[in-house]
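Remarks on the structure that follows.
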Amino acid sequence: MRTFQAVYIALLLSILPVSALGAATAEAGFEWPLMSMGLFGGLALFLYGMEKMTEALKAAAGERMKFVLEKLTGNRFTGAFTGALVTSVIQSSSVTTVLVVGFVSAGLMSLGQSIGVIMGANIGTTITAQIVAFKVTKLALLLIAVGFALLFASRHERSRTYGGIIMGLGLVFYGMNVMSEAMAPLRSYPPFLDFMMRMETPVVGIAVGGLFTALVQSSSATTGIVIVMASQGFISLPAGIALALGANVGTCITALLASLGKPRNAVRAATVHVIFNVAGVLLWLGFIDRLAELAALLSPAHPDLTGLARMASETPRQIANANTLFNVANTLVFIGFTGPLARLVTRLVPDRPRREREPVIRPKYLDDGLLSTPSLALGLVRPEIGHLGVQLQLMLAQIRIALKSRNRRLLVEVASMDDAADLLHAEVTRYLSRLAKQSLTETEQAEFFLLSHAADHFEGIGDLIEKDLVTLGQKMVLEELHPSATMWPLLNALHEDVALALETVVRAVSQNDLQAARQVLALKQQIRNRVDAALRRQAQSLAGSEETRLATLRIEFEIIDRFNRIYSLCKRVARLVMPQEG
C-alpha cells in the first residue's frame, strides 16, 4: 500500500511545475500529454522499482544484518561503520533504526552506541544515488528480463529473492530512462530552465527537497530523481546539492511519524535522527559552493564536451559524490559527541511517569514497522516470547514460596502476575496474526509455526500456575492442609528441576539455542525420577494414613502432577526448536 501511496503523491507533486508550464509548452509545439505520460509513468516505475528492490534486499539479508548489528557495535566508530554497512545492503535506514531500538530496549546496546549506528545509516542510504549515477539504463530491460526469469521460474527461495533484487534494479533504471526521454524536449525551453534555476537558492532547494521527501518517505528516491533530472541538464550542481540536503531534512518527518506511540527508546532514536540531520544541513548551509567544488574535484570530468551536454554528463556523478561527502563529513564531525547527544535526547525525551491505569507490562520488542519484512519481524517475536518466558519464571518461583508458606497474599500476587503474561501472549498473537498476512517463504513459515506454538505452550504454563497451582494453594489455606515434612524436600527438588527446564527452554526459543533445547530434553529422566520418588513416598504414607491425611495426599499428588505437566509443555517447546529430535 505504501508503494502506491508514494507513487501517487510523487505524481501529484511532480505535476505542479509541469502543469504550470503546460500551456506554454503547448504553444512551443511540445506534445504535453505524451510528455506527461512519459514523466509520470517513468516516475512510477522508478519508485516502484526502488520499493521492490528494497523489499527483496531486506528479505535476502535482513536476519544476517541483524546479527552484524548485534555483534559489531562495540563502540561509536564500529557502530557507525556497521550502520553504514547494514543500511547500504538493505537500503532502509528506518529498518536499521528499528533494529537498533530493539537492541537498546534489550540492554544489548547503549543509547550512545545506537547513535553511532544511526549516523552510519545515513551514509548507507547514499549507495542508491551512487548506483543511479552510473547511468546504465541501456541494461535496464536485460535486468528486468533476468530478474523476472529468476523470480517466476526458479523453485529456490534464494534465487527468487535475488530475482526480485535484479528486477527492482532494472525497473529503477528503466524508469530513469523513460523520465529522461520524456523530459528531453524541455532542454530547449527557457521558462522551465529558469524555474529549475531557482533551486540554486539554498533555502528554496532545501525546502522543495524536504517537502518531496516527506511525501514520498524516501530520501534515496528524492536524490535518485534529482540525479535523473541532472542527467538531462536541468539541475546544476549547487541546486542538486540543495535538493539533496533537503532530502536529509525531509526524511526526519518519516522518522518522527514512525516513532508516534512507540516506546521512549524509539522516540529518542527518532529525535537523534532529527537533531543529527537538521544540524548537519545547517552546518553546510553556507558552504554549498565549497562542497560543490570538492565534489567536482573528486568526480570525473568531460572537458571534451561543452554547455548543457557537459553539465548533463558531469553533474549526476557530482551530486552523488556530494551527497556521500556530506553524510560522511557529518558523521565524522558529530561522532565525537554521541555521549552529550545521548544525554540531550534523554533530557528532551524523559521516561514517562507511571500512570495508575497503565498496564503493568507491555511488549518490549514488537514493532509494526517491520511487518513488511517477515524475517526481521520474526526476529522480534523471539525476544518477546523470551519476555513472556521471564514472566512465567517469576510466577513459578513465587508459587513455590506461596505454597510452602500458604500465604494468601502471595497467591493473589501470583494470580495477578498471570494477567501480565496473558497480555504479552495476546500481543504476540496479534503481531503474528498480522504477520501471517504477509508473503512468507518456506523457512519463514516454519519459524512462524514454531513461534506461534511456543507462545501458546507458554500461555498453557501460565494457566497451569494461575488456575491450578494457585487454586490448590487457596484450598490448602482454607482447609488448613499441610504437606508432610518428608514430602517438601521432594517437592522442592522437583520444582527446581522444572524451573531449570523452563529457564532453559525460554533461552532456547528466544535465542534459537539448539543446545539449550537438548538440555531440556535431557532433563526428562531426572524429572521422571523425581516424580517417581514423590509418588513412592505418597504410596508409603497412604498405606498407614488416617482419613484426615487423605485430603493432604490428594493435594500433594495434584502439585506433583502440575509440575510434571509444566515440564511436559517445556518438552513440547524444546521439540519445536529441535524437530529432528521430537
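The values are calculated or read from the model by the stated rules, or taken from the named source; none is laboratory data. This one's a predicted model, so the numbers in the text were calculated from it and none came from an experiment. A quick note on method: Cβ atoms are made from the backbone with ideal geometry, for glycine too, and the neighbour counts reach across all protein chains shown. Surface accessibility is based on the protein's heavy atoms, side chains included, excluding ligands, DNA and RNA. Shrake-Rupley method; radii C 1.70, N 1.55, O 1.52, S 1.80 Å.
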Subject >> For the chain, accessible area per residue (1.4 Å probe, heavy atoms of protein chains only), Å² >> reply: 45
Subject >> Size of the chain as Cα extents on the principal axes (Å, biggest first) >> reply: 111, 54, 39
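Highest mean first, how do 559-567, 471-479 rank when packing is the count of other Cβ atoms within 10 Å averaged over residues? Please list the in-between numbers first.
Values: 559-567: 20.4, 471-479: 16.2.
The packing order, highest mean first, is 559-567, 471-479.
Using the per-residue mean of other Cβ atoms lying within 10 Å as a proxy for protection, in what order, highest first, do the peptides 332-340, 380-388, 507-515 fall? Walk me through the numbers on the way to the answer.
Numbers: 332-340: 15.6, 380-388: 22.9, 507-515: 18.1.
Final packing ranking: 380-388, 507-515, 332-340.
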Original post:
Between Glu157 and Trp488, 0.36 nm times their residue separation minus their Cα-Cα distance comes to what?
Top reply: 113.7 nm
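I'd like to compare 81-87, 489-495: which one has the highest average count of other Cβ atoms within 10 Å, and what's the full order after that?
Numbers: 81-87: 24.4, 489-495: 17.6.
The most tightly packed comes first, giving 81-87, 489-495.
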Original post:
Label points 7 Å out from Cα along the Cβ direction at Phe148 and Arg310: separation in nm?
Top reply: 4.2
Original post:
How far is it, in nm, from the label point at Ala551 to the one at Leu282 when both lie 7 Å from their Cα along the line to the Cβ?
Top reply: 7.5
Original post:
Share of segment 277-339's accessible area from carbon and sulfur, percent, 1.4 Å?
Top reply: 71
Subject >> Gap separating the Cα centres of segment 491-516 and segment 123-172, nearest whole Å >> reply: 45
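Taking the Cβ-Cβ separation of Asp422 and Val136 as r and a Förster radius of 60 Å, what is the calculated FRET efficiency to the nearest 0.05? Please list the in-between numbers first.
On the way: r = 55 Å, r/R0 = 0.92.
Plugging the Cβ-Cβ distance into 1/(1 + (r/R0)^6) gives 0.60.
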